[in-house]
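A short write-up of the structure that comes next.
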Amino acid sequence: MLDAVLLGVLVAAIAIGFGLGYRQASRRITPSPAPPSRSLSRDYFVGLNYLLDEKPDKAINTFIHALEVNSDTVDTHITLGKLFRTRGEADKAVNIHQNLLARPSLSAWQNEQVQLELAQDFMALGLHDRAQRLLQQTDADSQHQTHRMAARRLLIDLFEREKDWQSALDIIQPLLEQQADIQVAAAHWQCELAADDMTQASRSLAKRRLKKALQLDPQCVRANLMLAELAMDNGRYANAIARLGRIAEQDQAHIPTMLPALQRAYRYAGDDAGFTRHLLELLPDAPYTSVIVRLGEMTHRHDGVERAIEQTGERLEASPSLGGLDYLLDLYMESQRQSQRQTPDSRLFLLKRHTRALLENRPRYRCQRCGFSGDMLIWQCPSCRQWGSVKPIIGVDGE
Ligand SMILES: [Zn+2]
């Protein structure tokens, strides 16, 4: 498909070039000894021959050779380079862009445009040092704000790929006010740095970073989750519970994400009743499987299995889910064990096997932006690289 696009662009560009060359040549009063149209047309037909022989790579190379670099065709060369890069042939893109940079006829604007492209080629090839040098040079020297901003965005992308969060934070200032997604990303970089601090036992530094993350993005669920963990480590369970409570206000979809920590905080505090109350408060707005199952577990522990079956059954009636059904089967089996003092009905085992098998093949998290799904919560989507877009899947086969 990309081959077809690439060839389409080339053929159109050569045809236009051929037409222009012909027109210019025919306008000249004294005919030049070797009009440009002649060599252009020869390459054009050689390329066409390759195409007819189904040799697209040779055809593309011939067309590129035919396409003279001048101020009219710079954009076409840049487009070609981009196409090669997206095809995974960044080395060819480098050739095209370096060839362009060698031309003295480029304007300052075009020169910077090509430098930005070349930096992206280097990034695609994993040559981060060379990309970084080019981008820092454009950022420092360019007279055009558009190019300086573009260079910074690419530098940020590069630092992210290298997990150099501090360098990314050091250069975001001019972008912060204009681009909301940078604020979200920057909050996550602070969280990444805080996680490093926590492993090096610098808790107070981690706490400061997490508060900065919340200043950058007040909706940063991850910062509150990590602050709650820090509070719990210090034995401040009420504080941890309050932090986790804020996550429900920030983003209801992340209630299942914070529930294990919430359960731990209440358990350490020895407050089962408090946990049940908290879950019952969450339930009307967030009738998720993990809320229903945890409520069932609390009822099971304190009021017995029959009461747990009754309540869980009612809640699942309103919000059915595969995970809920799986838990309800556990309760039925437990009830049979208790009442008959024997192994439960084999049909329950069969059903349980089915729900388990169905659940095992279901992803638990999905990116809200690109649809990437997986079994683990990842803060930066590995597919579209957006921060904070992966969330628990809500619905019959999820939460
Ligand atoms: Zn994504």
For the stretch 69-83 the number of residues that are modelled with pLDDT under 70 and surrounded by 15 or more Cβ atoms within 10 Å (Cβ to Cβ) is 1
Free of Cβ contacts under 8 Å to residues at least 60 places away in the same chain, of a type in the set (Gly, Ala, Ser) and part of a helix (DSSP H, G or I): which single residue out of Ala286, Ala253, Ala261 fits that description? Ala261
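Does Leu295 qualify as being within 19 Å of Leu259 (Cα to Cα), in contact with a helix residue (DSSP H, G or I) (Cβ under 7 Å, 6 or more places away or on another chain) and within 16 Å of the ligand (Cβ to nearest atom)?
On the way: within 19 Å of Leu259 (Cα to Cα): yes; in contact with a helix residue (DSSP H, G or I) (Cβ under 7 Å, 6 or more places away or on another chain): yes; within 16 Å of the ligand (Cβ to nearest atom): no.
For Leu295, the condition - within 19 Å of Leu259 (Cα to Cα), in contact with a helix residue (DSSP H, G or I) (Cβ under 7 Å, 6 or more places away or on another chain) and within 16 Å of the ligand (Cβ to nearest atom) - is not met.
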Kindly provide the set of residues from the stretch 352-378 that are open to solvent by 90 Å² or more (accessible area, probe 1.4 Å) and either free of Cβ contacts under 8 Å to residues at least 24 places away in the same chain or over 29 Å from Ile309 (Cβ atoms) (or both), ordered by number. Arg353, His354, Glu360, Asn361, Arg366, Gln368, Arg369, Asp375, Met376
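Against the definition (open to solvent by 40 Å² or more (accessible area, probe 1.4 Å), more than 25 Å from the chain's Cα centre (by Cα) and over 20 Å from Ser389 (Cα atoms)), how does Arg203 come out, yes or no?
Values: open to solvent by 40 Å² or more (accessible area, probe 1.4 Å): yes; more than 25 Å from the chain's Cα centre (by Cα): yes; over 20 Å from Ser389 (Cα atoms): yes.
Criteria met by Arg203.
The values are calculated or read from the model by the stated rules, or taken from the named source; none is laboratory data. Not measured: the values here are computed from a predicted model. We place every Cβ from the backbone using ideal geometry, glycine too, and count neighbours over all the protein chains shown. When the accessible area is computed, the model is the full protein with side chains, heavy atoms only, and any ligands, DNA or RNA have been set aside. Shrake-Rupley method; radii C 1.70, N 1.55, O 1.52, S 1.80 Å.
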